[in-house]
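Okay, structure first, notes after.
Please treat every number below as a calculation from the coordinates, not as lab data. Because the structure is a prediction, the values reported are computed rather than measured. Cβ coordinates were reconstructed from backbone atoms using ideal geometry, including for glycine residues, and neighbour counts include every protein chain displayed.
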Amino acid sequence: MSGTAALIQEVQSAGMYVFDVILALSTAQKIMIVVALPFLYSIVWQLLYSLRNDRVPLVFYWIPWLGSAIPYGMQPYEFFAQCQQKYGDCFSFLLLGKVMTVYLGPKGHEFILNAKLNDVSAEEAYTHLTTPVFGKGVIYDCPNWKLMEQKKFAKVALTKDSFIKYVPLIREEVLNYVNSESQFRGKKGKVNVLKSQPEITIFTASRTLLGEEMRNMLNTGFAKLYSDLDKGFTPINFVFPNLPLPSYKRRDEAHNIISSTYMKLINKRKQENDIQDRDLVDALMKNSTYKDGTTMTEREIANLLIGVLMGGQHTSASTSSWFLLHLGERPDLQEELYNEIKSVLGDRKEVTYEDLQHLTLVNNTIKETLRLHMPLHSIFRKVLNPLQVPDTKMIVPKGHYVLVSPGFAMTNEKYFPNANTFEPHRWDVSQNAGSSDSDTVDYGFGTISKGVSSPYLPFGGGRHRCIGEQFAYTQLGTILVTFIQTFRWTSKLPKVDYSSMVTLPEEPAEIEWERRAE
Ligand code: X2N
Ligand code: HEM
C-alpha cells in the first residue's frame with residue numbers, strides 16, 4: 001500500500017517537473033512540442049508493435065492517423081507489390097486511423113472471403129459508406145441473414161427468363177442513345193466515355209430492372225437527383241459519413257425523393273393490381289417475406305432498389321468504359337468481334353440472349369476487361385473476434401480490418417503471363433481453366449462455388465459474392481455488340497484513377513468513333 005503511494009508521489013513530482021520545464025519554454029517551443037507529440041507517440045507505438053511476434057508486420061508510416069493512405073489511395077496495386085517484397089503476402093498498414101491487414105493471393109482470398117460469419121463483418125466495414133446512400137433496413141443496415149434473403153429476393157429478377165426479355169430493351173436503349181445524343185451526331189466524332197457509359201448504364205439498368213415508367217422519368221429533372229445521390233457514394237464517406245455541407249444535404253434530399261418515388265410506383269402497381277414479371281420491382285413486390293415471417297416494408301423495398309441499382313451502375317459503367325478504351329487500341333479485335341457477331345447473328349441485327357451465349361469473343365472481352373480492371377480494388381471486413389492467420393502465430397485482433405484484393409492477383413505475372421497486356425484470347429483455351437473444384441455451398445441466395453482460392457475473382461466469393469454477374473454480362477454483352485455493329489473507334493489508354501468508388505479511367509477518357517457503312 002505505502003509502496004503504491006510512494007510511486008504515485010514519485011510520478012506526480014516527475015510530472016510537476018516536466019510541467020515546470022514546459023511552462024518555462026517560449027510559445028514557439030510549446031507549439032513545437034504539441035506538434036511533435038503525435039509523431040513521437042506514433043513512432044514509439046510502431047516500435048512497440050513491431051516487437052510483438054503475435055502481430056502481422058506493420059508497414060512503417062510517418063504521418064499519424066493518415067498512415068499509408070497516400071501511397072495506397074494513389075496506387076494500391078503498386079503499394080501492395082512493394083509491401084509484398086518487404087513482408088510477404090500478409091502485412092498490415094494504417095489507413096485513416098484504421099489498421100488494415102492485407103493477405104495477398106489465393107490463400108488470402110480463402111482467409112478473408114471464406115472467414116466465418118462470427119469472426120468478420122462486411123456491414124460494419126461498409127455501412128458508413130452505403131447506408132446514407134441506400135437508406136435504412138437493407139444491404140449493410142441489417143443483420144447478415146436479412147442481406148442473404150434480400151439477395152435471394154433480388155435474384156428472382158436476374159434469371160434467364162428475365163434476361164431474354166431484357167436484351168431487346170437494352171439494345172433499344174443503346175441505339176436510341178447513340179442515335180440521339182449530341183456526342184454521337186454525324187458520321188464521326190469524339191466521345192467522353194466517362195459521360196456516355198454512365199448514361200447508357202443507367203438508362204439500360206432502369207429500363208430493365210425498374211421498368212418503363214422509371215426509365216422515362218430520367219428524361220425529366222429526375223436525373224439530377226440520381227446525380228446528387230451518386231455524389232454521396234464516394235470513398236470519403238468511409239471517413240466522413242455526414243458533414244454539414246451542401247453536398248451531403250443534397251444527397252439526403254435526393255435519397256428521400258427517389259425512395260418516395262419508388263414507393264409511389266409500388267403503391268400504384270398495388271392499387272391497380274398490376275403485378276407481373278417485368279422487372280425487379282415486380283419481383284420484390286411478389287417475393288420479399290423473410291423466413292421469420294416478417295415482410296420487407298415498402299420503404300425497404302425502395303431502398304433495396306436504390307442499393308442494387310447503385311452498385312450495378314458504378315461497376316458496369318466502369319467496365320464498359322474500359323472495354324471501349326482497350327478496343328480502341330485494337331482495331332483488329334473490333335473486326336474479329338464484328339465477324340463473330342455476323343457469323344452468329346447472320347442477317348439479323350437484333351441480338352438475343354441466346355446469341356450472347358454463343359459470342360465467345362464478346363464474353364472473353366468482358367472477362368479480360370474485368371481481369372485488368374476489377375472495379376473494386378479492395379474488399380474489406382471488420383474483425384469481430386481475434387483471427388489467426390493460418391499456419392502462423394499471428395493474430396489479427398478484434399477491431400482491426402482485413403482487406404482482400406483479388407484485383408492484385410488478377411494483374412500479377414505469377415497467375416497471368418503478360419499480365420498487363422489486354423488479350424481476350426488468353427481465355428480461348430478453356431472457359432474454366434484451373435477451377436476444377438465442383439464443391440458448392442448455399443448461404444441463402446442460391447448455390448455458389450465453395451472454394452474461393454482462384455486468382456480470378458472479379459465478383460468476389462463466399463457469402464457476400466455478387467448476384468449481379470449474369471446481369472452484368474447480359475448488359476455489357478448487349479452494349480458491346482451494339483457498339484461493334486454501329487461503330488469503329490480508336491483511343492489512347494488513360495491511366496487508372498483508384499481514388500473513386502470503382503477503378504475508373506482518368507480524364508481525358510475519349511474514343512474517336514466513326515459509323516460503319518451499312
Ligand atoms: C486522402 C489519393 O483517395 O492520397 F454498392 F446492393 C450495392 C466500394 C468496397 C469501394 C471498397 C480508399 C480509395 C482510400 C482511395 C449493393 C456492385 C454493393 C458490388 C486514401 C488522400 C458495395 C475502398 C473504394 C477503398 C476505394 C463495397 C459494391 N457489386 N456494386 N487516401 O464496395 O459491394 C453495392 C453491394 C466497396 C471500396 C479508397 C483512398 C451490394 C485516397 C490521396 C487520398 N473502396 N477506396 N458493388 N484514399 N486518399 C457493393 C460491396 C460494397
Ligand atoms: C457483391 C463485383 C455488378 C449486386 C459484389 C462483390 C463484388 C462484386 C466483388 C463482393 C463484395 C464483397 O465481398 O464485399 C461486381 C462486378 C460487377 C458487379 C465486378 C460488374 C461488372 C453487380 C450488379 C449487381 C450487383 C449489376 C446488381 C444487379 C451485388 C450484390 C452484392 C454484390 C447485391 C452482394 C453484397 C454482399 O453480399 O455483401 N459484387 N458486381 N453487382 N454485388 Fe456486384
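Some observations on this one:
- More than 26 angstrom apart: percent of Cα pairs within the stretch 299-445: 47 percent
- Calculated log₁₀ intensity ratio I(q)/I(0) where the Debye formula runs over C-alpha points of the chain, q = 0.08, 0.10, 0.11, 0.13 Å⁻¹: -0.57, -0.86, -1.02, -1.38
- Quotient of the Cα radius of gyration of the stretch 436-513 and 2.2 N^0.38 Å, N being its number of residues: 1.50.
- Nonlocal amide H pairs with PHE416, under 5 Å, H built at 1.01 Å: none
- Treating each Cα of the stretch 19-58 as an identical point scatterer and summing with the Debye formula, the log10 of I(q)/I(0) at q = 0.14, 0.16 Å⁻¹ comes to -0.47, -0.54.
- Gyration tensor (Cα) of the stretch 225-336, equivalent ellipsoid semi-axes in angstrom: 32, 24, 13
- 0 to 90° range, to nearest 10: angle between helix 123-134 axis and the chain longest Cα axis: 50 degrees
- Packing around the peptides 76-86, 466-476, taken as the average count of other Cβ atoms within 10 Å per residue, puts them in this order, highest first: 466-476, 76-86.
- Cα convex hull volume per residue for the stretch 179-276 (Å³): 136 Å³
- The order of the peptides 280-287, 407-414 by mean Cβ neighbours within 10 Å, most packed first, is 280-287, 407-414.
- The alpha-carbon of LYS30 sits under 15 angstrom from the alpha-carbons of these aspartates and glutamates, leaving out residues fewer than 8 places away in its chain: ASP20.
- Cα gyration tensor shape of the stretch 331-373, rounded if a/c is under 1.5, else prolate or oblate by comparing a/b with b/c: oblate
- Over the stretch 121-226, the ratio between the Cα radius of gyration and 2.2 N^0.38 Å evaluates to 1.34.
- Under 21 Å of direct C-alpha separation, and excluding same-chain neighbours fewer than eight residues apart, LYS146 reaches these lysines: LYS116, LYS136, LYS155, LYS286, LYS291, LYS382, LYS450.
- Relative to the longest principal axis of the Cα atoms of the chain, the long axis of helix 193-205 lies at roughly 70 degrees.
- Cross-link reach list, lysines versus LYS86, counting only Cα pairs under 23 Å and skipping chain neighbours closer than eight places: LYS98, LYS107, LYS393, LYS414
- Each pair of Cα atoms in the stretch 1-117 enters the Kirkwood radius, and Stokes-Einstein at 37 °C and 0.692 mPa s then converts it into a translational diffusion coefficient of 186 µm²/s.
- Sorting the segments 128-136, 303-311 by their mean number of nearby beta carbons within 10 angstrom, highest to lowest, gives 303-311, 128-136.
- Dimensionless Rg ratio for the stretch 1-45, taking C-alpha atoms and the 2.2 N^0.38 Å reference: 1.53
- Seen against the Cα atoms of the chain and their longest principal axis, helix 298-328 is set at about 80 degrees.
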